[in-house]
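Below you'll find the structure, written out as structure tokens, and then a few comments.
The values are calculated or read from the model by the stated rules, or taken from the named source; none is laboratory data. What you are looking at is a predicted structure, and each value in this text was computed from that prediction instead of being measured. Don't worry about glycine lacking a Cβ; one is built from the backbone with ideal geometry, like all the others, and counts go over all protein chains shown. These accessible areas exclude ligands, DNA and RNA; they are computed on the full protein's heavy atoms, side chains included. Shrake-Rupley method; radii C 1.70, N 1.55, O 1.52, S 1.80 Å.
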Amino acid sequence: MKKINPLDFVRPNILALEPYSTARDEFKGGDISVWLDANESPYPSGLNRYPDPHQKKLKTAVAALKGVGEEQIFIGGAGSDEAIDLVYRIFCRPGVDNVISISPTYGVYEVSAEINDIELRKVSLGEGYSLPVDALLAAADANSKVIWICSPNNPTGNAFAPLDILKVVEGFNGMVVVDEAYVDFSPYPSMLAFLDSHPNLIVMQTFSKAWGMASLRMGLAFASPEIAELFARVKYPYNVNGPTQEELLRRIELSNPSEQVAEIVSERVRLAEALEVMPVVHKVHPSDSNFLLVEVDDPDGLYDYLISHGVIVRNRNRVRGCEGCLRITVGVPAENDRVISLVRDYRQA
Ligand code: PMP
């Protein structure tokens, strides 16, 4: 395997960047009782002090949770969407570079590419929504900086075998980002195990799905220390607010979501089995996530019918590669029962 230096793929202005230094960056510790360095209000309100810009306590907890080094972690205060945007800002020169993604996949990679004036090249998934390893590599040229692989993939629901993902990582002269937002629901292990051996790999995860904290907006990116340091340089200085840091720390220490994940996975199987025998359903695509992509006879009609009965799902009928499909998130058993009985009773107009 050839030796890859991920810094070779970084935008020159980012490599040269002198980051903003906050008052709390310059504070190196000591027994301080009078804080007059950051132009804060001196009146204690519980919120009057700036938070730790480096989220040190949180990183210690996340490192232990994920089995990685603290220096390999980026924590985003606007979910993984923040990390996605940072990838463009770190690696891609606007109007010059391009990125490659599977298709269909999570829409934010494309929107963020457009915002950053980066061409996104879409490569259709193979038969059975399989990873098109050769086509992804063939789509690259000298200005291709990033390949996006979402696994398990949204909206198709399936995960890709780690060995296939590794073929892309090892065959590409650029960064490969594996978005593992749904990894907790998958039978495949995380790609985090390959971080040390593959410096062009970035893994993204989130506390929004299995951990049940979508409202907190906590996203994670894991990378080599050199690349994680660039995320820290480019991010907004205080990108994770204080109450959020404290709340996440408290919840990580309190419990983990394994029981809920087990229930979602067994409900996913139950929902799939119930739906696939219904006349209106053509196919329930295999899922390794907390949702099902379901191909039906009359997607728009069924979608409106579910809404009229107080149930909202995601209509993916107009997404290329998902024609005829609704994406249904797995709920608690009573919610899934409701979907099952509504679909059973549905009669096309
Ligand atoms: N990646 C994927 C594949 C997703 O489906 C989503 C949310 N739907 C995200 C990332 C964003 O997660 P977050 O809430 O952490 O921004």
Open item on the list: What do you get for trypsin sites (Lys or Arg not before Pro) in the stretch 27-93 restricted to DSSP loop and a cutoff of at most 15 other Cβ within 10 Å of the site's Cβ?
Closed with: 28, 49
Open item on the list: At 1.4 Å probe radius, can you tell me the per residue accessible area of the chain in Å²?
Closed with: 48 Å²
- [ ] Among DSSP beta bridges lying fully in the chain, give the percent that are antiparallel, nearest 5.
- [x] 45 percent
Task: Net charge dipole size for the stretch 149-216 [Lys, Arg +1 and Asp, Glu -1 on Cβ; Debye, nearest 20] - done: 100 debye
Task: Rounded, prolate or oblate (a/c below 1.5 giving rounded, otherwise prolate when a/b exceeds b/c) for the chain by Cα gyration tensor - done: oblate
Task: Simple Cβ-charge dipole of the stretch 217-349, Lys/Arg +1 and Asp/Glu -1, about Cα centre, in debye nearest 20 - done: 360 debye
Task: the stretch 191-266: translational diffusion in µm²/s, Stokes-Einstein, Kirkwood Rh over Cα pairs, 25 °C, 0.890 mPa s - done: 171 µm²/s
Open item on the list: Restricting to DSSP H runs of at least four residues, report the calculated mean residue ellipticity at 222 nm for the chain, -39500 (n - 2.57) per run over all residues, nearest 500 deg cm²/dmol.
Closed with: -10000 deg cm²/dmol
Open item on the list: Taking θ = phi - 60°, what integer Hz values does the Karplus form 6.51 cos²θ - 1.76 cosθ + 1.60 yield along the stretch 327-338, in sequence order, with x for Gly and Pro?
Closed with: 9, 10, 6, 6, x, 6, x, 5, 5, 5, 4, 4
- [ ] Specify the residue with the greatest mean-square fluctuation among 175, 204, 213, computed from a Gaussian network of the chain linking alpha-carbon atoms under 10 Å apart.
- [x] 213
Task: Across the chain: Cys residues that no other cysteine approaches within a C-beta distance under 4.7 Å - done: 92, 150
Task: Heavy-atom accessible surface of the stretch 182-242: percent carbon and sulfur, 1.4 Å - done: 55 percent
Open item on the list: Charges at C-beta only: +1 for Lys and Arg, -1 for Asp and Glu. How large is the resulting dipole of the chain about its Cα centre, in Debye rounded to 20?
Closed with: 120 debye
Open item on the list: Show me the three semi-axes of the equivalent ellipsoid for the stretch 1-144, from the C-alpha gyration tensor (sqrt of 5 times each eigenvalue), largest first, rounded to whole Å.
Closed with: 39, 18, 16
Open item on the list: In whole Hz and in residue order, list the ³J(HN,Hα) couplings for the stretch 4-17 that follow from phi through the Karplus curve 6.51 cos²θ - 1.76 cosθ + 1.60, θ = phi - 60°; x for Gly and Pro.
Closed with: 10, 10, x, 5, 4, 9, 7, 4, x, 5, 6, 4, 8, 5
Task: Residue (of 204, 67, 23) at the positive-pole extreme of the chain, dipole from beta-carbon charges - done: 23
Task: Volume per residue that the Cα convex hull of the stretch 219-349 spans, once the total is divided by residue count, Å³ - done: 178 Å³
TODO: Return the long-range amide H neighbours of residue 292 (sequence gap of 5 or more, or a different chain), with a cut-off of under 5 Å between placed amide H atoms.
DONE: 328, 329, 330
- [ ] In vacuum, with every alpha carbon of the stretch 280-349 counted as one equal point scatterer, what does the Debye formula give for log10 I(q)/I(0) at q = 0.23 Å⁻¹? Two decimals, please.
- [x] -1.07
TODO: Could you pull out every residue, at least 5 positions away or on a different chain, whose amide H is within less than 5 Å of the one on residue 206? Hs are placed 1.01 Å off N in the peptide plane, and Pro or chain starts have none.
DONE: 220
TODO: Enumerate the calculated ³J(HN,Hα) couplings along the stretch 107-115 in order (Karplus 6.51 cos²θ - 1.76 cosθ + 1.60, θ = phi - 60°), each rounded to whole Hz, writing x wherever the residue is Gly or Pro.
DONE: x, 5, 4, 6, 4, 5, 4, 5, 4
- [ ] Report, ordered by chain and residue number, the lysines lying within cross-link reach of residue 122, taken as a straight Cα distance under 19 Å and ignoring same-chain residues fewer than 8 apart.
- [x] 145, 167
Task: Where chymotrypsin sites (Phe, Trp or Tyr not before Pro) fall in DSSP loop in the stretch 12-110, at most 10 other Cβ within 10 Å - done: 20
